[in-house]
1. May I ask for the net charge around VAL232, where only other residues with Cβ less than 14 Å from the Cβ of VAL232 are counted and Lys, Arg are +1 while Asp, Glu are -1?
2. What's the ranking of 387-400, 414-427, 90-103 by average number of surrounding C-beta atoms within 10 Å, highest first?
3. Just going by the charge dipole of region 317-442, with Lys and Arg at +1 and Asp and Glu at -1 on Cβ, which of LEU391, GLY441, ALA360 is farthest out on the positive end?
4. Roughly speaking, what is the stretch gain from LYS108 to ASP43, that is 0.36 nm per residue apart minus the C-alpha to C-alpha distance, in nm to one decimal?
5. May I ask you to derive the FRET efficiency for ASP438 and GLU83 from their Cβ-Cβ distance with R0 = 22 Å, giving the value to the nearest 0.05?
6. To the nearest 20 Debye, how big is the dipole of the chain about its Cα centre, given +1 on the beta carbon of each Lys and Arg and -1 on that of each Asp and Glu?
7. Using a simple spin-label model with points 7 Å from Cα along the Cα→Cβ vector, what separation in nm is obtained for ASN202 and VAL133?
8. Roughly speaking, what is the stretch gain from ASP70 to ASP350, that is 0.36 nm per residue apart minus the C-alpha to C-alpha distance, in nm to one decimal?
Amino acid sequence: MKLFSTKFFPLLQQSRRNYSVLLSSLFTNKPITQSSPSNSLYDRIQTIRDPKTSVVPVLDQWVGEGNTVDKQQLRNLCRAMTEFKRFHHALEICQWMTDCRCLALSSKDVALRLDLIHRIHGIEDAEKYFNNVSNDLKTFNVYRALLSLYVQEASVERAEAIMQKMRDVGLATSPFPYNMLIDLYIKTGNSDKIDKLMQEMNEKAIPLEKYTASSRIAAYIAASDLSGMERVLNQVEKDHHFVDDWDLYSLAVSGYVKFGLIEKALVMLKKMERMIPLLKNKLAFEYLLTLYASTGMKNELYRVWNEYKPPNDRVNESHACMITCLAKLDDIEGAEKIFVEWESQCTVYDFRVINRLLVAYSKKGLIEKAESTLNKAVEGRKTHASSWNVLAIGYVEQNQMLKAVEMLKRAISVGRGRWWPSSITLDPCLDFLEGKGDVGGIEDIIKLLKKPLTRDIYHRWLRTCVAAGDSVSKVLDQMKLDGFSVDEETDKILKTGQSL
């Protein structure tokens, strides 16, 4: 269970450029510098953006030039492609590693290949691969990977069968596979099977860990089983390993809120309050605010705010969270006061804070007020793309598409690094411009966007040009430059234009 939602304050991540340089160092013996481009194996493969283009020729050429590559380097490259969601390329590298380099597979390699085959070809092909793997490689890692796939597929029968196989070969000795099944039972509405699973764990002396307890509580909440939830809570509170556990109490709060038992939720929240001074996690206060907001008790929310409000070095995070909480309770006036308080205290203007107020305005249909508030805030300041993107979303939701396009352009124009607009705004705006046959409007957005463009965007551009009777040569030339070949969909669009 995640204690804190990552949607509020995502951690600052290393830029893609620096990450690329770091990965490049894994595949070349040359010193890597920021100023000089590397001709490493990673660089060569990274430039192939089209998943339909094979990377095998690049691997073969690399070796043919006399370069060396070892198993660990290939694993690192495979993991990098997986991280970038280039699953076809990752699988090609995994297969090339054994088929062309005759490098022995490990159980971890098998587990990774299982996942990639499932992502690309589906569960049937993943099963076939598993069945053809030698028994000496079918370790806990491999069984765990297959069980995880069945859970993703919500296949109870298959998951139970592989779990039985794990019992037969002596691999069902830790909480992990049991937790996976519990998750599956919750997902598929088979919560009645959880108690039997827990009984088996008790009989095998498999320890009750926090994840298992959390999963059981979550299952009872999903099944609207109050007595079951409280039974686990009582069991946990009697176990000295789980004294005053923040995660479990927060889960219980959500359960009591669902059951409409606000007083009992407040009891759990009071227990969590006592833990605030003991927690090193700085987000604990913000999380507590969100839980109090979920109870609908505005007075309690203000009490906690006034009692535990952190010092000035945390004003950005805490005020942003409080604005969202008050907006959830439909207290826009209170949210505005918190925003004004923040503006009077902040030493650095953090646009993530004003974004919370903009979101609150947008959800209330006050999109024009949101825009005027942002226009005032940006005077003399360097704006952020995310703020304009909030307005774009608001205008899309109100079907004011001309304004949505305007806000989207502003967002893209000030976007930094590899910032890219979300599909929530980009797709509706492109749909709108395509529907109008506005080639210039689409080209304006394309000029602002950071490359690489996606095939979908090229196809939108192409369709608009065809519908408007414009030349498509510039689109096709740019597609070729960016490594996109003419596929079936591209050909279909072009034939449509010929028939007009």
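1. Working: positive: LYS210, ARG216, ARG231, LYS238; negative: ASP195, GLU209, ASP225, GLU230, GLU237, ASP239, ASP245, ASP247.
After counting each charged neighbour, the total is -4.
2. 387-400, 90-103, 414-427
3. Going by the charge dipole, the pick is GLY441.
4. 20.9 nm
5. 0.05
6. Dipole about the Cα centre, nearest 20: 920 debye.
7. It is 3.4 nm.
8. 96.2 nm
The values are calculated or read from the model by the stated rules, or taken from the named source; none is laboratory data. Since this is a predicted model, take the numbers as computed values, not measurements. Note that we place each Cβ from the backbone using ideal geometry, even for glycine, and neighbour counts take in every protein chain shown. Keep in mind that these areas ignore ligands, DNA and RNA; they rest on the heavy atoms of the full protein, side chains included. Shrake-Rupley method; radii C 1.70, N 1.55, O 1.52, S 1.80 Å.
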